[in-house]
Amino acid sequence: MPRKSAATDKLLMELILDVADRLFYECGLHTVGVDRVIAEAKVAKTSLYRYFPSKDALIYAYLERRNQQFWQQLEAFWADCEPEPMAQLTGMIDFIAHLLAKSDCWGCPFLLTASEFANADHVSRQVILEHKKMVCDRITTLATAANLNQPQSLAGQLTMVIDGGFSQTRYLENEQVSHTFKRAAMALITQAAN
């Protein structure tokens, strides 16, 4: 039997990840089994396990992909901002407010995963911590370059406000959460500028 081409392999892997992404985000990681991903992707069990040898491997790939998408979307959003650090920082706040306002935003995939896997040894923990650290580090870098007071403290506060905003999308109206988040984040930035 001829082997599939690398392009076909990539398409099949992306299809499986697309289905897993939708199901994991909408339904939760514990409630979605590998058999459901296989059924909805309409692939053979051997196909899924060829790319993802375990459910944990699939969860890891899902989070890695979400992390890459976040940064790619943010970079694209920044393309419309002025290059100055303050404009980039406020652009990051605008981007997150935009995400929070979307009707299909049910929270941060990293926080949702962390709430399902409290075990510090779970493979997801590495990706979650890396993503959250990258967000905080980027805010610190921009705040430092913008000469804001106590940039590390500001980054910690903004990261907490971001996480709070994503948590509130689970039970409040998205537009309301987006506006409240933006006002709170901008108040912290304004305070750090004085």
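The values are calculated or read from the model by the stated rules, or taken from the named source; none is laboratory data. Everything numeric in this text was worked out from a predicted model, so none of it was measured. Cβ atoms come from the backbone with ideal geometry, glycine included; neighbour counts cover every protein chain shown. Please note that ligands, DNA and RNA were not included when accessible areas were found on the heavy atoms of the full protein model with its side chains. Shrake-Rupley method; radii C 1.70, N 1.55, O 1.52, S 1.80 Å.
For the pair Cys27/Asn119, report the inter-label distance in nm, with labels modelled 7 Å from Cα in the Cβ direction.
2.2
What is the diffusion coefficient of the range 56-138 in µm²/s, taking the Kirkwood radius over Cα pairs and the Stokes-Einstein relation at 4 °C with a viscosity of 1.567 mPa s?
93
Given a Förster radius of 35 Å and the C-beta distance between Tyr49 and Asp137 as r, what FRET efficiency does 1/(1 + (r/R0)^6) yield to the nearest 0.05?
Efficiency, rounded to the nearest 0.05: 0.45.
Do you know the relative contact order of the range 1-70, to the nearest whole percent, from alpha carbon pairs under 8 angstrom that are 6+ apart?
34
Using the Kyte-Doolittle scale, which helices in the chain average at least 0.0 and also have C-alpha atoms spread 30 Å or more along the helix axis, with helices defined as whole DSSP H runs?
6-27, 123-145
Which translational diffusion coefficient, to the nearest whole µm²/s, is obtained for the range 126-170 from the Stokes-Einstein equation, given a Kirkwood hydrodynamic radius over C-alpha pairs, 25 °C and 0.890 mPa s?
224
Along the Cα→Cβ direction, 7 angstrom out, place labels at Leu129 and Arg36. What is the inter-label distance in nm?
The answer from the label model is 2.9 nm.
What number, rounded to the nearest 500 deg cm²/dmol, is the helix-based mean residue ellipticity at 222 nm of the chain, given -39500 (n - 2.57) per DSSP H run of at least four residues and division by all its residues?
For the chain, the value works out to -25000 deg cm²/dmol.
Straight-line reach only, C-alpha to C-alpha below 27 angstrom: list the lysines that Lys42 could link to, leaving out same-chain residues fewer than 8 apart.
Cα-Cα hits under 27 Å: Lys4, Lys10, Lys55.
For labels at Asp18 and Ser153 in the simple 7 Å Cα→Cβ model, what's the distance in nm?
Between Asp18 and Ser153, the simple spin-label model gives 4.8 nm.
Above 18 angstrom, tally the Cα pairs of the range 64-194 and express them as a % of all pairs, no decimals.
Roughly 54 percent, once rounded to a whole number.
Which order do Asp56, Asp163 take by accessible area at a 1.4 Å probe, largest first?
Solvent-accessible surface, decreasing: Asp56, Asp163.
As a test of understanding, state the convex hull volume per residue of the range 6-93 from its alpha carbons, in Å³.
Each residue corresponds to 121 Å³ of Cα convex hull volume.
For the range 144-191 and the range 52-119, what is the centre-to-centre distance using only Cα atoms, to the nearest Å?
15
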